[in-house]
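Heads up: the structure comes next, in structure tokens.
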Amino acid sequence: GSGGAVPSPPVVVCVVTVACCVDVLSAKKLSFGGSKGVPRDMGLLREMHVNAIRVHVGIPPKWIRYIYDKFGIFTVLNDPLGRYGLTVDGVWRAETDYSDPVVRKTLRQAMHKTVQHYRHTPGLLLWLLGNENNYGLVWHDAAIADLPVEQQRDARAEALYSLFGEVIAEIKALD
């Protein structure tokens, strides 16, 4: 992201996946800064010399800025990019067929909106796409049904990674 200044000279980034922010966010009744958990946990992380955390899309940009301004901790923002399914035209799909043009368009559009939403947030260090998406390449498609099993896996991987390449290019253009 372009929101935070990266320290100079370059430093080793110690990234910790943080569940506290996700848990706090799921409790809608909490207001920004209203949780004692975030300051406590971020303070502990800072004492451990953690300088970046990984959180999933959904954390408000103001929380990313707060964590950065108050604790000096950058955020790596993770979008699963369909890893756990997605909604296409109002219909939930548990398996993400990365070769489907409609799925690809839906995921690219969603990521475009995400980048627009977060791109100027101070403290946003980088975008992280997916979460072990290669383990979820299980869809059944007529286009690959007649291929040997190994070639089916290759075709699925090609569809996945070509989409990642497209999304990365779009992120670079936007941010």
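The values are calculated or read from the model by the stated rules, or taken from the named source; none is laboratory data. Quick caveat, the model's predicted, so the values are computed rather than measured. Cβ sites come from the backbone with ideal geometry, for glycine too, and all protein chains shown count toward neighbours. Side chains included, ligands, DNA and RNA excluded: accessible areas come from the protein's heavy atoms. Shrake-Rupley method; radii C 1.70, N 1.55, O 1.52, S 1.80 Å.
Using a 1.4 Å probe over the heavy atoms of the protein chains, calculate the carbon and sulfur portion of the accessible area of segment 50-98 as a whole percent.
Summing carbon and sulfur atoms, their accessible area is 51 percent of the total for segment 50-98.
At a Förster radius of 22 Å, what calculated FRET efficiency corresponds to the Cβ-Cβ distance of Asp89 and Ser162, to the nearest 0.05?
Computed FRET efficiency for Asp89 and Ser162 comes out at 0.50.
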